[in-house]
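The values are calculated or read from the model by the stated rules, or taken from the named source; none is laboratory data. Remember, it's a predicted structure, so these values are computed and weren't measured experimentally. Neighbour counts are summed over all protein chains in view; Cβ atoms, including those assigned to glycine, are modelled from backbone coordinates with ideal geometry.
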């Protein structure tokens, strides 16, 4: 009878379970690598300001999306956490955090970061009844209810008095069992207790309990005596998680129970999401997501071994925050965050244990064949054909013993011609697929042999006249009719290594090569070549062409290996460039394809970029969005609303659908302020401090750290700030969540900070902090009074001594002249910029600042190429104008107030870039080089040197290293920059 019931249960359960693919859930995993103190997360709560609090097996964690602050037990500090193993959390409306630990409960005052502890004391009846706390909740009468493994406790928060409730075998109205696993106060202020004998309801009138015990064998009752979790959903409806009995719905009014079967009935925790689904976390069987109306269940487990799945099947805690993000605490797998904007992108991945799975290697070509089969060229591993019905991969490899195998394991292209033949362009000839025999025939032709054309083929396309155009690796192009008879050879391309062939709607054929772009006009039988010309900013910007497509608006797009993407403008035969400066994820483009919503998807060496062909806005897809590998290969395919992307060992699939917008504006707070390296005490998001005073001596370096709470994609949150009284406008959007100000003058300032999330939703309220920098003693009112007295005495003495007055007057005039000369001495009179004397002063200050903060400083030495020849040819007046033009060109690039640009001597200049790493310095150097080159007058060579300075570093040392790099740039051809070692 038992076996029969068990099988019936399995049949019902299987019929209720939803397929995993129906509604994919993608999770981000946050663990110790990101700073979490333990991968066992027992409790999750959120305070009124939006910060998350996590109880773990190794301390209490405070999380803002960027970093964790961890509170640990200190045995020598009574105001520290009572125990590092935090089992449960409760947060009051006033943001008081209550932590239930393995040594009682701890009350945290967040503003002061001090704990008050209530611990078990066997000799004190006013202490809690057991050290191990399993549950916390608060009623409307100011009582905190405490579940422990040794009874229930009620703490009066006003008096601090604790009342214990224990099982008394002689009292039928006492607690049923002392092992209490959960306590919950419902919307009617009723206190429900889950223990190892069932469910108890506290009766405040009699100070006793009403029992709902587990009774074995009855249909309408608890399925297990072990009640682990109780939650309320609607009036008089409870959902109960039990150990050994799964989930049950308890209708209090009708006293009826509805049980929900789960794959693992050891339910540890429960929570409803905003869609009304009940999430049941089990102790080893993952999560059951229950539609309580239909009874359907979706199972989540970690056994699928897919990126984006939950990290552990042992579920400790479940929580949904105020922005709708669902969080899962696991025992051993860290914290899991449900990212509702992510997709499961790794459609196929290499697995060494799968014989009928994807081969290992780079996916160079993706082609859709008949029956929706996907043909995949795997570099040096031949051909994979994926059958979506069987979800199996068939492998085709070169076999010397089989003349009908593919002729090479390196396949450059897969193409289906207009009469249905499928061609493979390989490193050892052209192959034609025979669908009847499921094998390949190698195409041979006497003309090709006579011409000595190599068998290494790269691309295939078909023109309007049904001619096949075939690209080779060494010998240019072949043109062949569909009868495979008339073959013509073209070897007059810009380079004979053909990378791409595209036939445009107007009949023109565009060919991308390893060295230049080519356009073939079939009417005139002529080729037009396009090469990089550094003097033509509207020409192509890179010769290495990797991808060409024509979009639905008849515009041609060209992807390059190093120059980003170009759009060809037919009207004036020019090119518009899109690079990393415009938001492209990388200038190294591997593949491109257009979708049906006016977007071009671009696979790069650093993720995927998407260009809107109407607005030219650029979006990116990174690992934050679910990409497994950021380095894309040449393989790309658009199939209706699907985009397939190839990389090493992975075929990613992005199914385009209406994007779920992150509509929640970030909550912005000023987290902390540092004066130099010293943290300002008592200033955090909980103190509500809106004003701070700073001594003038401490105002040399002020760092403001802020945070915009946006947990969905925290690293994509950007900030803009403004220091009123100093900044004239808001700073540009930047993902860095800090601002540094140096040498602020005495006075009143107000810092304003705002944030914008990944979907361009700005914070509705700015964080504000007023800063008062107190003047030094020599600028106080009494100091000014003293100055007035001194001046009056001085005037009196002047009037008293006529001769002395005249002498002092002359000295004063000389002093004024001297001050003007000093100002002139630090500025170059020709260009108006600072000179070498000013550089020495500024350099020492910036080196000291970088030493304090451990940030890099970059030095650029710049010299005008062939300036002496220019001077000798055009005269000194033209030379002066040239110097001024160069200065203006450089100033266009330098837009940060902290950057220093000085004339070092003659035609040599020095640029100081504080807090700039090597990558930033390289970008600025290249932009300066281009800016000067665009003047059309002269070019410049630049030496770049970047270092995080130490106390022994001096300005001359850094300038010398940059100067050596400048010499190297001159030596290697000028009009370039080099990096100093």
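Observations on the structure shown:
- Yes/no for residue 35 being modelled with pLDDT of 95 or more, surrounded by fewer than 17 Cβ atoms within 10 Å (Cβ to Cβ) and at positive phi: yes
- Scanning region 609-624 for residues that are at pLDDT 90 or above and within 10 Å of the chain's Cα centre (by Cα) yields a total of 0.
- For region 833-869, the set of residues classified as out of contact with any strand residue (DSSP E or B) (no Cβ under 7 Å at 6 or more places or on another chain) and buried (at least 18 other Cβ atoms within 10 Å of the Cβ) consists of 867 only.
- Region 98-117: number of residues that are surrounded by fewer than 22 Cβ atoms within 10 Å (Cβ to Cβ), outside any loop (DSSP other than H, G, I, E, B) and modelled with pLDDT of 95 or more: 4
- Within region 938-958, the set of residues being more than 36 Å from the chain's Cα centre (by Cα) and at pLDDT below 90 comprises 952, 954, 955, 956, 957.
- Single residue of 348, 376 found to be on the phi < 0 side of the Ramachandran plot, at pLDDT below 95 and buried (at least 21 other Cβ atoms within 10 Å of the Cβ): 348
- Criterion violated by residue 294 - all others in (1) modelled with pLDDT of 90 or more; (2) part of a loop (DSSP other than H, G, I, E, B); (3) under 24 Å from residue 27 (Cα atoms) satisfied: (3)
For every residue, the table says whether it meets (1) in a strand (DSSP E or B); (2) touching a residue at least 40 places away in the same chain (Cβ under 8 Å); (3) touching a strand residue (DSSP E or B) at 6+ places or on another chain (Cβ under 8 Å).
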| position | (1), (2), (3) |
| --- | --- |
| 328 | yes, yes, yes |
| 342 | no, yes, yes |
| 349 | yes, yes, yes |
| 353 | no, no, no |
| 365 | yes, yes, yes |
| 384 | yes, no, yes |
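- Of all the residues in region 211-253, those that are free of Cβ contacts under 8 Å to residues at least 12 places away in the same chain and either assigned to a strand (DSSP E or B) or within 45 Å of the chain's Cα centre (by Cα) (or both) number 1.
- Single match in 627, 584 (criterion: part of a loop (DSSP other than H, G, I, E, B), out of contact with any helix residue (DSSP H, G or I) (no Cβ under 8 Å at 6 or more places or on another chain), buried (at least 19 other Cβ atoms within 10 Å of the Cβ) and at pLDDT below 90): 627
- Annotation: of all residues in region 732-748 being closer than 20 Å to residue 67 by Cα and in a loop (DSSP other than H, G, I, E, B), the one that is farthest from the chain's Cα centre (by Cα) is 737.
- Residues in region 749-775 that are over 30 Å from residue 659 (Cα atoms) and part of a strand (DSSP E or B): 749, 750, 751, 752, 768, 769, 770, 771, 772, 773, 774.
- Hits in region 98-107 (condition: touching a strand residue (DSSP E or B) at 6+ places or on another chain (Cβ under 6 Å) and within 16 Å of residue 42 (Cβ to Cβ)): 98, 99, 100, 101, 104, 105, 106
- Among the residues making up region 58-84, a single one is closer than 15 Å to residue 316 by Cβ and touching a residue at least 40 places away in the same chain (Cβ under 8 Å): 60.
- The set of residues in region 281-292 that are free of Cβ contacts under 8 Å to residues at least 40 places away in the same chain and more than 30 Å from the chain's Cα centre (by Cα) comprises 282, 284, 285, 291.
- Tally of residues being under 15 Å from residue 432 (Cα atoms) and either modelled with pLDDT under 95 or in contact with a helix residue (DSSP H, G or I) (Cβ under 9 Å, 6 or more places away or on another chain) (or both) across region 458-473: 0
- All positions within region 697-717 that are over 24 Å from residue 848 (Cβ atoms) and either at pLDDT below 95 or outside any strand (DSSP E or B) (or both): 710, 711, 712, 713, 714, 715, 716, 717
- Selection count, region 950-975, where residues are touching a strand residue (DSSP E or B) at 6+ places or on another chain (Cβ under 6 Å) and in a loop (DSSP other than H, G, I, E, B): 1
- Among (1) modelled with pLDDT of 95 or more; (2) surrounded by fewer than 19 Cβ atoms within 10 Å (Cβ to Cβ), the one test that residue 568 misses: (2)
- Listed by position, the helices (runs of 4 or more DSSP H) contained in region 786-883 that have at least 3 residues being modelled with pLDDT under 75 and over 30 Å from residue 930 (Cα atoms) are 802-825.
- Scope region 630-646; condition surrounded by fewer than 17 Cβ atoms within 10 Å (Cβ to Cβ) and within 27 Å of residue 757 (Cα to Cα); matching residues: 630, 631, 641, 642
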